[in-house]
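The values are calculated or read from the model by the stated rules, or taken from the named source; none is laboratory data. Quick caveat, the model's predicted, so the values are computed rather than measured. Neighbour counts are summed over all protein chains in view; Cβ atoms, including those assigned to glycine, are modelled from backbone coordinates with ideal geometry. SASA here: full protein model, heavy atoms, side chains in, ligands and nucleic acids out. Shrake-Rupley method; radii C 1.70, N 1.55, O 1.52, S 1.80 Å.
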Amino acid sequence: QIQLVESGGGLVEPGGSLRLSCVFSGGILRFDDMGWYRQDPGKMRTLVAAVFSNGATKYADSVMGRFTVSIDGAKNTMYLQMNSLEPEDTSLYYCNLGVDRVNYWGKGTQVTVSS
């Protein structure tokens with residue numbers, strides 16, 4: 001059974017940095033794509049950053065140049081390095097994994113950017 005567990009969220013001041021981690025388990029041998037999404041109350045979940053099976057990456061315009069997504073296969077972990085954080089980045093961040101056209105989600109980790 002595939003499981004995703006996020007960590008690394010918290011409270012940070014504007015301009016600060018955080019690194020989110022997503023540990024995945026379940027004997028995953030290959031994937032279609034992995035990524036980070038975020039969702040605010042009453043709004044749709046939106047893509048923040050994604051990595052595809054060919055190594056290509058995709059970022060939301062609002063985080064381009066500030067966030068970096070990466071995968072450490074040896075640790076079964078995906079990361080989201082977030083720099084120059086802004087109050088607008090405050091949200092609940094979810095890890096996503098696509099395998100054989102099925103999407104799997106973690107439970108989310110809260111990021112709050114505030115002074």
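Observations, loosely collected:
- Dipole of the chain [Lys/Arg +1, Asp/Glu -1 at C-beta], most positive-end residue of Val99, Ser115, Met78: Val99
- Structural descriptor for the chain: relative contact order 37 percent, calculated from alpha carbon pairs under 8 angstrom and at least 6 residues apart.
- With every protein chain in place, the chain: carbon and sulfur % of accessible area (1.4 Å): 49 percent
- Zero-based 10 Å bins, Cα pair distances in region 1-55, whole percents: 17, 43, 32, 8
- Charged neighbours of Leu47, selected by a Cβ distance under 12 Å, balance to +1 (K, R count +1; D, E count -1).
- Total formal charge among the other residues, if their Cβ is under 10 angstrom from that of Leu85, Lys/Arg +1 and Asp/Glu -1: -3
- Cross-link reach list, lysines versus Lys43, counting only Cα pairs under 20 Å and skipping chain neighbours closer than eight places: Lys107
- Å² per residue, accessible surface of region 44-95 at 1.4 Å: 51 Å²
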